[in-house]
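Beneath this line is the structure, given in structure tokens, with notes to follow.
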Amino acid sequence: MNPSTISRVVVTGATGNVGTSLVRALAGEPGVGSVLGLARRRPDLDIPGVEWAEVDLSREGDEPRLARYVADADAVVHLAWRFGPTHDPVETWRTNVLGSVRVFDAVAAARVPALVYASSVGAYSPGPPSGAPVSEAWPTHGWPGAAYTREKAYLERVLDTFERDHPLTRVVRMRPAFLFKEESASEQRRIFAGRFFPGQLMRPELLPLLPEFEGLRFQILHTEDAADAYRRALLRDVRGAFNLAAEPVIDGTTLGGMLHARPVRVPAGAVRGALSAAWHLRLVPASPGLFDAMRHMPVLATERARQELEWTPSRSSQEALEAFLRGVRGGAGDETRPLAGRRVG
């Protein structure tokens with residue numbers, strides 16, 4: 001198969017944040033013949049050139065159906081992921097780890113020529129003390145205190161074995177920073193702040209002060225730019241990992257300027273303690289372990305993606321974050337169950 005032309009692409013998790021952007025990008029790509037989007041629930045989303053099918057990767061017994069869907073694929077993009085319930089890591093393990101293994105097994109059995117997997121900055125070990133950006137060669141042992149980072153790191157090891165045992169399948173691992181777009185804002189508000197968090201609280205005039213703590217430093221990428229990188233990886237004869245992020249790095253000063261708020265230095269332990277209490281009371285879904293992981297994530301160097309994929313983000317990290325905040329305030333969403341819009345407050 002010539003990577004510049006692909007007859008059929010199968011995308012798991014096609015109704016989520018990245019999935020909806022990717023299937024739209026692939027539907028308009030002349031080098032792609034057809035796209036099959038897989039999800040637990042069929043969406044009310046009509047995109048010319050995109051078919052839909054239902055499969056539950058967490059459920060034993062759906063393997064024959066999954067095998068049937070990938071049997072004639074030229075490439076499989078595995079995006080499906082659950083962030084919660086954070087109080088039940090066994091449940092997320094069933095979907096994220098065991099479900100991913102089922103996808104990899106189906107790809108191997110069908111001898112699919114290409115597998116593109118959505119890894120994450122969360123797969124990386126803590127960055128160097130200097131704060132210097134890390135390349136794709138940085139260790140991927142994750143952060144042990146959060147289910148999300150443990151699962152992402154574990155699947156990196158699973159793919160190491162997959163690549164060894166199936167060298168004829170071209171494996172690409174995308175490791176993006178935090179991905180935001182306006183249409184994903186309602187889903188991400190539910191995932192991190194809770195179903196009933198009022199989006200109107202994210203207005204600058206209501207946030208005169210911004211808590212700033214050690215480790216408040218992270219990267220962002222607009223989801224549409226991530227989808228473009230996935231599209232390029234599918235159509236090029238590339239393998240291995242690619243870091244994806246936009247500039248600039250977001251820190252307390254940058255965030256304060258965007259929100260017109262004055263950063264106020266507070267101990268990280270105090271922020272973690274408040275989050276831990278809220279999480280144990282089930283007031284917020286984001287766990288204190290995820291807060292710890294965020295504080296230790298490295299800054300990503302993106303030279304490889306820029307050179308080998310000829311990829312450059314079309315939006316800055318600030319523009320991506322502004323799109324997210326706009327979506328939170330307005331209750332933005334899309335025509336899928338995961339991205340259903342809802343305005344609170």
Next item on the list: Count, please, the residues in segment 245-256 that happen to be farther than 18 Å from Ala293 by Cβ and open to solvent by less than 50 Å² (accessible area, probe 1.4 Å).
Entry: 6
Next item on the list: Taking only segment 304-345 into account, find how many residues are within 24 Å of Tyr230 (Cα to Cα) and either of a type in the set (Lys, Arg) or part of a helix (DSSP H, G or I) (or both).
Entry: 16
Next item on the list: Could you tell me whether segment 271-280 includes any residue that is without any contact (Cβ under 8 Å) to a residue 12 or more places away in the chain, more than 22 Å from Ile191 (Cα to Cα) and either open to solvent by 40 Å² or more (accessible area, probe 1.4 Å) or not small (Gly, Ala, Ser) (or both)?
Entry: no
Next item on the list: Filter the strands (runs of 3 or more DSSP E) completely within segment 148-261 down to those with at least 3 residues that are under 22 Å from the mean Cα position of the chain (by Cα) and at pLDDT 90 or above.
Entry: 170-176, 178-180, 220-222, 240-244
Notebook entry, point to check: Counting only residues that are in contact with a Phe, Trp or Tyr (Cβ under 9 Å, 6 or more places away or on another chain) and open to solvent by less than 80 Å² (accessible area, probe 1.4 Å), how many does segment 302-316 have?
Noted result: 5
Next item on the list: Evaluate segment 271-279: report whether one residue or more is touching a Ser or Thr at 6+ places or on another chain (Cβ under 6 Å), assigned to a helix (DSSP H, G or I) and modelled with pLDDT of 90 or more.
Entry: yes
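The values are calculated or read from the model by the stated rules, or taken from the named source; none is laboratory data. Worth saying up front: this structure is predicted, and the values here are computed from it rather than measured. Cβ atoms come from the backbone with ideal geometry, glycine included; neighbour counts cover every protein chain shown. These area figures cover heavy atoms from the full protein model, side chains too; ligands, DNA and RNA do not enter into them. Shrake-Rupley method; radii C 1.70, N 1.55, O 1.52, S 1.80 Å.
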